[in-house]
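Down below is the structure, laid out as structure tokens.
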Amino acid sequence: MTTRHAMIAELTALILEATEKAPMAPPLSPDEAIFGTGTRLALDSLDALQVSMALQKRYGVRLADSKETRRILACVGNLADYLLQKRT
């Protein structure tokens, strides 16, 4: 079974790869916002689409466009929790 910590590391790598961003120091914290102009990654709606497609390809999870999806994609920790919950 995948731990939350391992899932966060895996998802961080997936997000950076899908959005063609370079790894950063210090690494993203699980609760750090990843979308919006005031964030270190500054991801936008096009990036959200790329991340969603990468999630579907790797995990078979399809995220519908909704408020719930925005909450799930707000930070890597939320996304990890969502995927771990889906697996159980």
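The values are calculated or read from the model by the stated rules, or taken from the named source; none is laboratory data. Since this is a predicted model, take the numbers as computed values, not measurements. Here the Cβ positions follow ideal geometry from the backbone for every residue, glycine too, while neighbour counts run over all protein chains shown.
Just a few scattered comments:
- Residue in segment 55-74 that is under 20 Å from Ala6 (Cα atoms), of a type in the set (D, E, K, R) and in a helix (DSSP H, G or I) present: yes
The rows are residues; the columns are (1) loosely packed, with under 15 Cβ neighbours inside 10 Å; (2) assigned to a loop (DSSP other than H, G, I, E, B); (3) modelled with pLDDT under 95; (4) over 14 Å from the mean Cα position of the chain (by Cα).
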| site | (1), (2), (3), (4) |
| --- | --- |
| Met1 | yes, yes, yes, yes |
| Ile8 | no, no, no, no |
| Ile15 | no, no, no, no |
| Glu20 | yes, yes, no, no |
| Leu28 | no, yes, yes, no |
| Gly38 | yes, yes, yes, yes |
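- Residue check, Asp44 surrounded by fewer than 16 Cβ atoms within 10 Å (Cβ to Cβ), within 19 Å of Arg71 (Cβ to Cβ), free of Cβ contacts under 8 Å to residues at least 12 places away in the same chain and acidic (Asp, Glu): yes
- Pick from segment 43-88, criterion acidic (Asp, Glu) and within 13 Å of the chain's Cα centre (by Cα), ranking: nearest to Ser29 (Cα to Cα): Asp81
- Pairs with Cβ under 9 Å, 6+ apart, first in segment 60-88 and closer than 15 Å to Leu49 by Cβ, second of a type in the set (Lys, Arg): Val61/Lys86
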